[in-house]
Each structure stands twice: as structure tokens, then as C-alpha cells.
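Presented below is the structure to which this report refers.
Any read-out appearing in this document is the output of simple, stated calculations on the displayed coordinates, not a laboratory observation. Predicted, not measured: the structure shown is a model, and the values here were computed from it. When we count neighbours, we look across all protein chains shown, and the Cβ atoms used for this are built from the backbone with ideal geometry, even at glycine.
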Amino acid sequence: MQKRIVVLTGAGISAESGIKTFRDDNGMWKQYRFEEVASPEAWHKHPEVVLDFYNQRRKNVVEAEPNAAHKALVKLEDYFDVKIITQNVDDLHERAGSSDVIHLHGEIRKARSSNDPRLIYPIKGWQLNMGDKGEDGEQLRPHVVWFGEPVPYIEPAMEITREADILLIVGTSLNVYPAASLFQYASKKIPKFYVDPDANAEIQIPNLKIMKEKAGSALPDLVPHLIDNYM
Ligand code: NAD
């Protein structure tokens, strides 16, 4: 049986594709107050402002391309059982070719009914507007998890992480819970690698190698290293 590699990714893996992170010095939350654009209260107060915020983010994602880090992870699938658990709402892992991706915080290129979370639709292009409705006649909202909303896939993500033989953590400040606590479910014994130029110094887990590098330069070297040494 193939060994399982679990990869936890955050906004940093998409930074070199031109998608802004949230908490870096020039990140998104320096420009916007999240309560105003990414919360159920904001949707209730001014849905058009929320839609416009996500339309701009979606345009950015549609125009972006997967980078060397997304592509390097795809190669692992020839040798390992690879499960990607991402906090990102972009689709750059899928467009690079990764086949097993869980989006903890939703998918920006999809919309869903504001009344029935089971009614999910792909968005053509990048705009979702007031008046766009689902088959239930309700206004569509972005298919993303807002602050204060539950994270639907957190339980399966914990199970998957528990069964990891190797853990990679890439481009996340490990600040947003519950995603940030996932790595703690991995076995103490397995090798772990954390790639982030500004890696969270408070993370202390056994067998962790911290690589303070950009994902786009670190992963194309780390992937062949894993194939040669851990298969
Ligand atoms: P974050 O903004 O808190 O942290 C980003 C991390 O990426 C930082 O630690 C930073 O040092 C690191 N980083 C920056 N450039 C990097 C590079 N080239 N290579 C590797 N690492 C790099 O983001 P987070 O930890 O993912 O926070 C979670 C929240 O951000 C989630 O809610 C997620 O949904 C959201 N988010 C997603 C996207 C996206 O879909 N691409 C973009 C922005 C934010």
C-alpha cells in the first residue's frame, strides 16, 4: 500500500500566483474589515457589498495560474496516496492537476442558495450578482465559509490527518481555527515539514522540520527528496 501524505495548505501557497494572503503586511485584512465583507452579519446588512468583494477576489482567482508549488504537489501522486486539505477558496490545486482536495473554507468559483446549503452551482466567469437565484428562487451567495460559520469538513479532515504517514504544512500562519489545530491530529512519530518564509514560531510538534522558504522554490526540491527518501 502507498504511504499517505497529507498536505495542509494556506493562502501562502497561492501568493506566488498573485493571490493576496490575508494576514501578511500587504494582505487583504489590511484593506478590508472582515466583519464588513465576510460574515453573515455583513450579508444581512449589505449583500451587494459582500458580492462585490467576492467578485473582485474571484476575478483575481480566474486570472491567476497555478505556480511551481501547486505543480510540484501533483508529482507526489505517482508515488504516494496524497490528500490535500486547503484553507484556500481558490481552485489552483485542482487546475494544477491534484485529484484529492478538501476545501475547508469553501470554493470561491461556486455559489449556493442563501437558504439551502445543498444547492451549489459553478459560477461562469467571475461575477455573482444580486438577482442571481438558485432553483429554490433564493438569492445565491458565495460558497465560502464566513467568520462565525461552521467548517463543514473539519471532522473528515481530522480523520485524514490522523492517518498521515508524512505531513506537509505549506503557506499558512496557523492562525485561523479550527484549521490551525489540524496538524495536532497527526501521529507524533511521523515526519513533518512546514514551508513558510514567516513560519509560526509557536508551533512545537515532534519531528517537525521548519523550512523558512517560499513554497514556489521549496516544494520543487522537497518533492523529489520525499520520493527518494520516504517512499
Ligand atoms: P494567512 O494570510 O493567515 O497566512 C499566509 C501565510 O502564508 C503566512 O504565514 C505567510 O508567511 C505565508 N506566505 C506568504 N508568501 C508565501 C510563499 N510564497 N510561500 C509560502 N508561504 C508564504 O493565510 P492562512 O493561514 O491561509 O489563513 C487562513 C485564511 O485565509 C483562510 O480563511 C483562507 O480561507 C484565507 N485565504 C485564502 C486565500 C486563497 O484562497 N488563495 C487567499 C487569502 C486568504
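Could you size up the charge dipole of the chain around its Cα centre, putting +1 on the beta carbon of Lys and Arg and -1 on that of Asp and Glu, and report it in debye to the nearest 20?
On the way: 28 positive and 34 negative charges, 55 e Å.
Charge dipole of the chain: 260 debye, to the nearest 20.
In the elastic network of the chain, a GNM with C-alpha springs shorter than 10 Å, the most mobile of Glu16, Glu107, Glu202 is Glu202.
Classify region 154-231 as rounded, prolate or oblate, taking a ≥ b ≥ c as the square roots of the eigenvalues of its Cα gyration tensor: rounded when a/c is under 1.5, otherwise prolate if a/b is larger than b/c and oblate if not.
Numbers: a/c = 1.77, a/b = 1.17, b/c = 1.52.
Taking the square roots of the gyration eigenvalues as a ≥ b ≥ c, region 154-231 is oblate.
When the chain is treated as a GNM with alpha-carbon contacts under 10 Å, the residue of Arg95, Arg162, Arg33 showing the greatest mean-square fluctuation is Arg33. Which one, Gly216, Gly106, Gly97, has the greatest fluctuation when you compute a Gaussian network model over the chain with C-alpha springs under 10 angstrom? Of Gly216, Gly106, Gly97, the most mobile in the Gaussian network model is Gly97.
For the chain, the direction-averaged projected area of the alpha-carbon convex hull comes to 12.4 nm².
Quick check on the chain: helices-only [θ] at 222 nm, where DSSP H runs of length 4 and up contribute -39,500 (n - 2.57) each and the sum goes over total residues. Nearest 500, please. Before the final figure, lay out the partial values.
Details: 8 runs with 69 residues, N = 231.
Mean residue ellipticity, 222 nm, calculated: -8500 deg cm²/dmol.
Note on region 125-231: with charges restricted to the Cβ of Lys and Arg (+1) and Asp and Glu (-1), its dipole about the Cα centre is near 440 debye.
The alpha-carbon of Lys45 sits under 28 angstrom from the alpha-carbons of these lysines, leaving out residues fewer than 8 places away in its chain: Lys20, Lys30, Lys59, Lys110, Lys124, Lys133.
Rg and Dmax, both from the Cα atoms of region 1-132 and both in Å, are 16.0, 52.
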